[in-house]
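Have a look at the structure below, then the notes.
Each value in this text was obtained by applying a stated rule to the coordinates, not by laboratory testing. Just so you know, these numbers come straight off a predicted model, no measurement behind them. With ideal geometry, Cβ positions are generated from the backbone for all residues, glycine too; neighbour counts draw on all protein chains shown.
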Amino acid sequence: YRNSDFVYYMELGHTYLDHQFFARKNSPDFPVSPLGNYYQFPDFSTSHDLLWSKVKGMNKLIHYIRKTIERIQPEKPKVRENNKNKILEWTAPKTALIELIYALYSVNSINHGGADLRMITSSFEDLFNVKLNQVYKTYSEMKERRGSQTKFLDELSMHLKHKMDKEDH
């Protein structure tokens, strides 16, 4: 959509353009597309603060609507298929999957950050036909690990780099 670069910038937590987006006096050589209300209150508003608040508000509205739909629709019983019909099966430790889920959640990479941990976990359980119990407790235990707190993510990164290096040579 029209402001996707700005939304991406904000969701990644970048700050290198904040002086342009959120300063009250913009540089004339910086191309911004301010909204109408910015001109009504130039001493109070900036070119992108209303835009960002609208984006955040829409994300919260989407999240609220999804939660409401989940609450009012009766749960459909989940049918577990036998092993022959499974497409994907998680074969690493469940702790590794929880680590991956928390990593994706922490960078707001699902639904522009609108997906909560429970929704992401439920989706992964369905995708890999696995039941994840005590997700929060497992996360607490991961934080208490000696050495690397992100063993599985470190392993993923190492193996991917090794594969890329191997393919390059």
Revision key, fill the gap. Here the net charge surrounding residue 130, from other residues whose Cβ is less than 10 Å away from its Cβ (Lys, Arg +1; Asp, Glu -1), is -1
Review point. Using the Cα gyration tensor of segment 117-163, with a ≥ b ≥ c the square roots of its eigenvalues, what is the shape: rounded (a/c below 1.5), prolate (a/b larger than b/c) or oblate (neither)?
Key: oblate
Revision key, fill the gap. Neighbours of residue 64 by Cβ distance under 15 Å: Lys/Arg at +1, Asp/Glu at -1, summed charge +4
Check your understanding: Counting other Cβ atoms within 10 Å of each Cβ, which GluC sites (Glu not before Pro) in segment 110-169 have at most 13 and sit in a DSSP loop?
Key -> 144
Review point. If the chain between residue 23 and residue 73 were fully stretched, how many nm would it gain, using 0.36 nm times the residue separation less the Cα-Cα distance?
Key: 13.5 nm
Point to revise | Whole-Hz couplings from phi, Karplus 6.51/-1.76/1.60, listed for segment 139-144; x for Gly and Pro | key: 4, 4, 5, 4, 5, 8
Practice item. May I ask for the net charge around residue 142, where only other residues with Cβ less than 13 Å from the Cβ of residue 142 are counted and Lys, Arg are +1 while Asp, Glu are -1? Key: +2
Review point. Rounded, prolate or oblate: which fits segment 78-169, taking a ≥ b ≥ c as square roots of the Cα gyration tensor eigenvalues, rounded meaning a/c under 1.5, else prolate when a/b beats b/c?
Key: oblate
Exercise for review: Please go through the residue pairs 54/163; 56/143; 54/131 and name each one whose alpha carbons sit more than 32 Å apart in this structure.
Suggested key: 54/163; 54/131
